[in-house]
Amino acid sequence: MTTKIDILAGLASHFATVEDEMARALATDEPRVAELLAQLGGFHGKMLRPALVLLVAQTLGEVSGDHLRLAAALEMIHTATLIHDDMIDEGDTRRGMPTAHVRHGTAVAVLLGDYFYTHAFDLVARMDRTWVTTRLTGTTNVVCRGELQQMCARRDLDLGEDEYERIIHAKTAALCELAGELGAVAGTPAQRQAAAEYGRCCGMAFQIVDDCLDFSTDPEKVGKTLATDIERGRLTLPIIRALRRAGAGRDELGRQLLGVANSNDVALIRKRIVELGGIAEALTAARAYVARAKTSLGGLPAGDGRNRLAELADFIVSREF
Ligand code: IPE
Ligand code: IPE
Ligand code: MG
Ligand code: MG
């Protein structure tokens, strides 16, 4: 498959194999379900988690069949979280396409998300490496806990930055951390740790930038429904920083955030958060994570693979989709 990210062009043939692994793992002889899965054929994302596995693997040597299967399993878990997340957030566009619950209804979307989770676990369990299976299931526990925690924290204007960081670590960075770690599955413990830390920092930066992109006014470019954080009362870093900078206007901004009723309200809040420097501050925090990600690359051998990993970290903050 082709990728929209230039620096990942060299991974195109590996991505195609990852797609094949996913298709094989999800396949069924039952025509009705097979038909449903076939309709997801063009449902490709940026393949960031497979890219982390594969680039770390290349940095340490060769990409093996295990790496490709692990990359497929991580992308399947990621896809499951998106199918469910879009229902929760009532997002109607994802990867430039109508979301699963819009196309097939919520009942099918719940089951489809479950189907992706269980087949990812099955794929990894068949590899018969207990610690890898345990890491994958444990990380999925963390992702689900993070999504739950985020739901429970909705509309809490006092949400602290420390808890925000714990939430985004759980819902997003933990899976990226695991991608780095599993890319180094054949490496030394120190290399695994460096790759995991790289993945964790990339994941933190990635979610902070995603939280900034939620303020974009160009859903076509981003490829998904935007402003869902504002509409659902979700306190993300740009909002937390803007509230802090609002001074005497904090209560007023808080009332606006909790009273969003239409697209006009969303536009006013968007403008206010930008004026208060919330986005600029959040992007500075994301850049700091990218710097930490690059520092941790010092624990991996120098070379082309490592250079690509540094470029990928930079892409995470410069991206517009
Ligand atoms: C979206 O992830 C969900 C978040 C963790 C912010 P991606 O932006 O990696 O989604 P795809 O896979 O490219 O569609
Ligand atoms: C979702 O975060 C992260 C997941 C683990 C699914 P978001 O809700 O910010 O992701 P988008 O913006 O819908 O892609
Ligand atoms: Mg969402
Ligand atoms: Mg988002």
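Residues checked against (1) without any contact (Cβ under 8 Å) to a residue 12 or more places away in the chain; (2) at positive phi:
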residue	(1), (2)
G223	no, yes
T228	no, no
R232	no, no
T236	no, no
G247	yes, yes
A261	yes, no
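What are the residues in the stretch 134-185 that are away from ligand 1 (no atom under 13 Å from the Cβ), assigned to a helix (DSSP H, G or I) and aliphatic (A, V, I, L, M), if any?
Within the stretch 134-185, L136, V142, L148, M151, L178, L182 meet the criteria.
Quick check on my filter: what residues within the stretch 171-199 are crowded, with 20+ Cβ neighbours inside 10 Å, among the hydroxyl-bearing types (S, T, Y) and more than 14 Å from L55 (Cβ to Cβ)?
T172
Each row is one residue, and each column tells you yes or no for (1) within 12 Å of ligand 3 (Cβ to nearest atom); (2) under 21 Å from E161 (Cβ atoms); (3) over 17 Å from the mean Cα position of the chain (by Cα).
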| residue | (1), (2), (3) |
| --- | --- |
| T217 | no, no, yes |
| V222 | yes, no, no |
| L226 | yes, no, no |
| T236 | yes, yes, no |
| L243 | no, yes, yes |
| G247 | no, yes, yes |
| L253 | no, yes, yes |
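Please determine whether any residue of the stretch 235-242 is buried (at least 18 other Cβ atoms within 10 Å of the Cβ) and of a type in the set (G, A, S). Step through it out loud before you land on a result.
First, the residues of the stretch 235-242 that are buried (at least 18 other Cβ atoms within 10 Å of the Cβ): 235-242.
Then keep just the ones that are of a type in the set (G, A, S); that gives 242.
Yes, that holds for at least one residue.
Give the residues of the stretch 160-210 that are more than 13 Å from the chain's Cα centre (by Cα) and within 16 Å of ligand 4 (Cβ to nearest atom), sorted by residue number. Before the answer, list the steps.
First pass over the stretch 160-210, keeping only residues more than 13 Å from the chain's Cα centre (by Cα): 160-166, 180-198.
Of everything in the stretch 160-210, those that are more than 13 Å from the chain's Cα centre (by Cα) and within 16 Å of ligand 4 (Cβ to nearest atom) turn out to be Y164, E165.
Mind listing whichever residues of the stretch 218-234 are charged (D, E, K, R) and buried (at least 17 other Cβ atoms within 10 Å of the Cβ)? If you could, list the steps in order and put the result at the bottom.
To start, the set of residues in the stretch 218-234 that are charged (D, E, K, R) comprises 218, 220-221, 224, 229, 231-232, 234.
The answer is K224, D229, E231, R234.
State yes or no: is D114 touching a residue at least 40 places away in the same chain (Cβ under 8 Å) and part of a helix (DSSP H, G or I)? Quick ask: steps written out before the conclusion?
On the way: touching a residue at least 40 places away in the same chain (Cβ under 8 Å): no; part of a helix (DSSP H, G or I): yes.
Against the criterion (touching a residue at least 40 places away in the same chain (Cβ under 8 Å) and part of a helix (DSSP H, G or I)), D114 does not qualify.
Could you run through the stretch 157-170 and say how many residues are farther than 16 Å from C202 by Cβ and surrounded by fewer than 21 Cβ atoms within 10 Å (Cβ to Cβ)? Give the derivation first.
Of all residues in the stretch 157-170, those farther than 16 Å from C202 by Cβ come to 157-164, 166-167.
With surrounded by fewer than 21 Cβ atoms within 10 Å (Cβ to Cβ) added as a condition, the list becomes 157-163, 166.
The total comes to 8.
Give the stretch 60-85 a look and list any residue that's within 15 Å of ligand 1 (Cβ to nearest atom), acidic (D, E) and touching a residue at least 60 places away in the same chain (Cβ under 8 Å), or say none.
Taking the stretch 60-85 as the starting set, the residues that turn out to be within 15 Å of ligand 1 (Cβ to nearest atom) are 71-85.
So of that shortlist, the ones also acidic (D, E) come out as 75, 85.
Passing the criteria: only D85.
Taking the residues in the stretch 67-110 that are among the basic types (K, R) and within 16 Å of ligand 4 (Cβ to nearest atom) as candidates, determine which candidate is surrounded by the fewest Cβ atoms within 10 Å (Cβ to Cβ).
Residues of the stretch 67-110 among the basic types (K, R): 69, 94-95, 103.
Add one more test, that the residue is within 16 Å of ligand 4 (Cβ to nearest atom), and what stays is 94-95.
Details: R94: 21, R95: 15.
Going through the qualifying residues, I end up with R95.
Do we find a residue being open to solvent by 10 Å² or more (accessible area, probe 1.4 Å), touching a residue at least 24 places away in the same chain (Cβ under 8 Å), among the polar types (S, T, N, Q) and in a helix (DSSP H, G or I) anywhere in the stretch 271-290?
There is no residue in the stretch 271-290 that is open to solvent by 10 Å² or more (accessible area, probe 1.4 Å), touching a residue at least 24 places away in the same chain (Cβ under 8 Å), among the polar types (S, T, N, Q) and in a helix (DSSP H, G or I).
Search the stretch 299-321 for residues that are within 13 Å of A57 (Cβ to Cβ) and pair each with any residue that is part of a loop (DSSP other than H, G, I, E, B) and open to solvent by less than 30 Å² (accessible area, probe 1.4 Å) when their beta-carbon atoms are under 7 Å apart and the residues are at least 6 apart or on different chains.
Matching pairs, first to second residue: R306/L300.
Return the pairs, sorted by first residue and then second, in which the second residue is more than 13 Å from ligand 2 (Cβ to nearest atom) and among the hydroxyl-bearing types (S, T, Y), the first residue lies in the stretch 194-210 and is within 13 Å of G299 (Cβ to Cβ), the beta carbons are less than 7 Å apart, and the residues are 6+ apart or on different chains.
A194/S296; E197/S296; Y198/S296; C201/Y289; C201/S296
Taking interchain pairs and intrachain pairs at least six residues apart, which have beta carbon atoms under 9 angstrom, with the first residue in the stretch 36-55 and within 27 Å of E177 (Cα to Cα) and open to solvent by 40 Å² or more (accessible area, probe 1.4 Å) and the second away from ligand 2 (no atom under 16 Å from the Cβ) and outside any loop (DSSP other than H, G, I, E, B)?
Within 9 Å, the pairs are H44/F15; H44/E19; K46/L8.
The values are calculated or read from the model by the stated rules, or taken from the named source; none is laboratory data. Because the structure is predicted, anything quoted here is derived from the model rather than measured. As a convention, Cβ positions derive from the backbone with ideal geometry for all residues, glycine included, and neighbour counts pool all protein chains shown. Each accessible area value is taken on the protein alone, full model and side chains, heavy atoms only, with ligands, DNA and RNA left out. Shrake-Rupley method; radii C 1.70, N 1.55, O 1.52, S 1.80 Å.
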